[in-house]
Amino acid sequence: MTEYPGEWSSLVQAGSIHPQVLVIGLGNPILGDDGLGWRIAEQFRTGLQERQPASQENLARTLVEVDCLSLGGLSLMERLIGYQRAIIIDAATTQENPPGTVTCLPLQDLTSGEAGHTGSAHDTSLQTAIEVGRLMGASLPKDIMLVLVEAETLFDFSEALTPPIEAAIPEAEHAVMQILDSWIDRT
Amino acid sequence: MQRISIDPITRLEGHGKIEIFLNEEGDVANTYFQIPELRGFERFCVGRPVEEMPLLTNRICGVCPEAHHMAAAKAADAVYHVDPPPTAKKLRELLYSGFYFTDHTTHFYALGGPDFVMGPDAPVAERNILGVIHKVGLEIGGKVIQARKYGHHIVEIIGGRKVHPCTSIPGGLTKGINEEQRQEIEQIGRWGIDFAQFSLQLFSDIVLGNQGYLDLILGDIYTHKTYSIGLVDENNKVNFYDGKVSVVAPDGERIGKYAPSEYTDWIAEHVEPWTYLKFPYLKKVGWKGFVDGKDSGVYFATPLSRLNAADSMAAPLAQEQYEKFYATLGGKPVHQRLAIHWARLIELLYAAERIVELASDPEITSDNFHTVPTEKPTEGVGIVEAPRGTLTHHYKTDERGILTEVNLIVGTTNNYAPISMSIKKAAQSFITKGSVVTEGMLNRIEMAFRAYDPCFGCATHSLPGQMPLIVTIHDANGNPIEILQRY
């Protein structure tokens, strides 16, 4: 099990405090490597639950919720409403890196919102959707980070990940935790 | 041979690609619309219990999981030879109407609408829902968000979850609704009727009130005279959830109606060497190539074809709009493909009226929402109308209900041939010898298939970091002479 630094707690007994951070595993769990977002998010959730509870003070300001989704665009934006920060884990096909390469970047650095799960082409990009949401007065995260894993097998139905993706899960999971820790430090 | 490549297509589910080949004179010789096929779904399903299919198939597609959930549930009913009680059928249709309400709203305001509200020549950065809101007003954005929220809420109340419902099982549903929920849904439906009428008025003001747009819609560029198909009830009125598939010829004659179990008598699939995806066509008419006319088995399955294939709408306000639609466009059937956008809004109104009608039904809160299957499972077909076309699920099982064979014809696949024809015709109209290919010109070609609301292999997206539209124009020797791209 990955050792997480910092003061993090599981969501157990969250009580009336609304989670401030939403971690989303994005993708299609029955489409080969496209299911990596779900797998990493689920593993991350397990890791969180196995940790010792943090102090009440930390709990209040760092509550994390984990979800697995197959949404994009407006639907994804709607799911983000009410959180201060969010992390989205997804497959990437830049074809510039070998399969299994983990990359972290803020959503605003994604050069096109018409791409990928964040931009269900049936409605709009996540960036555009967030602009729409903010225009409408929705409370949306001030920080959205993407944790991307380069994948190659995305068109074959399967519940299994290919070996390079499977091997990248601990690194991606650790990357999610590091982002959370950087947010603690800034809080 | 010169070549123009549009790859991938913006605002289209799945990674589509258009190849345009020019001849020596610089005119369009041919076009090819290609999409990557998702592989192995049938193999993935075989060996699983059929009752898993309503949950499994709604993961095929990120856009219309509710449609797959419903088609799978109906096919599973048929496999078990069980007829769900009336309350179950009504609740499923109520859920489905909520889904339609969200889906059609999204298409009009985020996808198809920007072409008209902002105009085909507007910069791509403005030709989206944000542009629409800025142009028409903040109030519109609020209504769109509210409409989506309401539609999702109906799905959640009946389907147990937003977007990916989980309550349909062979013989009906796992849960019903109570009086409080019924009232809430009815109120949503009444709000929805106002919203749909508002949207139709917006379309009327912006599109029908603009002679340039009317000319575009009514002109020959976006017109194809093919067969129309769509589900109809026993009175030949449009129905999204149940009934028979009505087949109407280009001249308006209904050549027949088929029950789900008869689909293989009516639909066959043509194979082309340049694409993995097959082209469905009407078996009784035959495949004659990518051509219009009564002798060609090419058909389309969209909101417009559903209106063409029916005699009327099963709701009074939608019926008024239906009559206005055909009176304005010169009678039935309508073949102008850009009119699909208008037909979609009439269906939006119908969905809202249907929500109110079903939520007002005395049976809707009954506890009799499931019939326990007692017969041995064998084989079954389920058909619903997905927003973007007729959706057919066909399953065979062994006597334990374990799947041995699966066949799906998904909504957009029905339209593969007509979309290909529409792209070619638009390309031939807008790209002629010596013309400089502009952004607006390319968008007009994209508009040809955007009207169909296509969705190929939806939930396949990964993050490439960018999804550019790249158009490369090659000279007669194959050398690139101009590259246009947008991000």
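For B:C64, which of the numbered conditions (1) within 21 Å of the chain's Cα centre (by Cα); (2) over 12 Å from B:H394 (Cα atoms); (3) at pLDDT 95 or above fails to hold?
Just one mismatch for B:C64, condition (3).
Filter segment B:47-96 down to residues that are more than 13 Å from chain A (Cβ to nearest Cβ) and of a type in the set (D, E) and give me whichever is farthest from B:P373 (Cα to Cα).
Looking at the filtered set, the residue picked out is B:E93.
Test B:G171 against the stated conditions and say whether it is away from chain A (no Cβ under 14 Å) and either open to solvent by less than 20 Å² (accessible area, probe 1.4 Å) or of a type in the set (S, T, Y) (or both).
It is true that B:G171 is away from chain A (no Cβ under 14 Å) and either open to solvent by less than 20 Å² (accessible area, probe 1.4 Å) or of a type in the set (S, T, Y) (or both).
Just the residues that are surrounded by fewer than 21 Cβ atoms within 10 Å (Cβ to Cβ) and at pLDDT below 80, please, taken from segment B:421-442.
Correct list: B:G434, B:S435, B:V436, B:V437, B:T438, B:E439, B:G440, B:M441.
Looking at A:L36, A:L26, can you tell me which residue is in contact with a His (Cβ under 7 Å, 6 or more places away or on another chain) and modelled with pLDDT of 85 or more?
Step by step, each of A:L36, A:L26 is checked, and only A:L26 is in contact with a His (Cβ under 7 Å, 6 or more places away or on another chain) and modelled with pLDDT of 85 or more.
Which condition breaks for B:D121 when tested against (1) in contact with a helix residue (DSSP H, G or I) (Cβ under 8 Å, 6 or more places away or on another chain); (2) among the acidic types (D, E); (3) over 26 Å from B:N443 (Cβ atoms)?
For B:D121, the exception is condition (3).
Checking the conditions here, which among B:I221, B:I193, B:I217, B:I206 is among the aliphatic types (A, V, I, L, M) and open to solvent by less than 10 Å² (accessible area, probe 1.4 Å)?
B:I217
Does B:H153 count as open to solvent by less than 50 Å² (accessible area, probe 1.4 Å) and within 14 Å of chain A (Cβ to nearest Cβ)?
Against the criterion (open to solvent by less than 50 Å² (accessible area, probe 1.4 Å) and within 14 Å of chain A (Cβ to nearest Cβ)), B:H153 does not qualify.
Looking only at segment B:342-384, count every residue that is of a type in the set (K, R) and open to solvent by 10 Å² or more (accessible area, probe 1.4 Å) and tell me the total.
Total satisfying the criteria: 2.
Could you look through segment A:156-176, keep only residues that are surrounded by fewer than 19 Cβ atoms within 10 Å (Cβ to Cβ) and part of a loop (DSSP other than H, G, I, E, B), and pick out the one that is farthest from the other protein chains (Cβ to nearest Cβ)?
A:T162
It is to be established whether one or more residues within segment B:241-258 are within 30 Å of B:M441 (Cβ to Cβ), among the aliphatic types (A, V, I, L, M) and in contact with a Ser or Thr (Cβ under 8 Å, 6 or more places away or on another chain).
no
Say we look at segment B:124-149 and pick out the residues that are β-branched (V, I, T) and open to solvent by 10 Å² or more (accessible area, probe 1.4 Å); which of these is farthest from the other protein chains (Cβ to nearest Cβ)?
That would be B:V136.
Please give the number of the condition B:D121 fails out of (1) in contact (Cβ under 8 Å) with a residue 60 or more places away in the chain; (2) open to solvent by less than 40 Å² (accessible area, probe 1.4 Å).
It is condition (2) that B:D121 fails.
If only one of A:I184, A:I179, A:I144 is within 14 Å of the chain's Cα centre (by Cα), in contact (Cβ under 8 Å) with a residue 40 or more places away in the chain and in a helix (DSSP H, G or I), which one is it?
Numbers: A:I184 fails: within 14 Å of the chain's Cα centre (by Cα); A:I144 fails: in a helix (DSSP H, G or I).
Exactly one residue qualifies, and that residue is A:I179.
Could you grab the pairs with beta carbons closer than 7 Å, sequence gap of 6+ or different chains, first residue in segment B:295-312 and farther than 13 Å from B:I267 by Cα and in a helix (DSSP H, G or I), second one basic (K, R) and open to solvent by less than 10 Å² (accessible area, probe 1.4 Å)?
Once the first residue is farther than 13 Å from B:I267 by Cα and in a helix (DSSP H, G or I) and sits in segment B:295-312, its partners that are basic (K, R) and open to solvent by less than 10 Å² (accessible area, probe 1.4 Å) give B:P303/B:R344.
What residue, among those in segment B:100-119 that are of a type in the set (S, T, Y) and within 12 Å of chain A (Cβ to nearest Cβ), is farthest from the chain's Cα centre (by Cα)?
Among those that are of a type in the set (S, T, Y) and within 12 Å of chain A (Cβ to nearest Cβ), it is B:Y109.
The values are calculated or read from the model by the stated rules, or taken from the named source; none is laboratory data. Everything numeric in this text was worked out from a predicted model, so none of it was measured. Cβ sites come from the backbone with ideal geometry, for glycine too, and all protein chains shown count toward neighbours. Areas reflect the complete protein model, heavy atoms only, side chains present, ligands, DNA and RNA absent. Shrake-Rupley method; radii C 1.70, N 1.55, O 1.52, S 1.80 Å.
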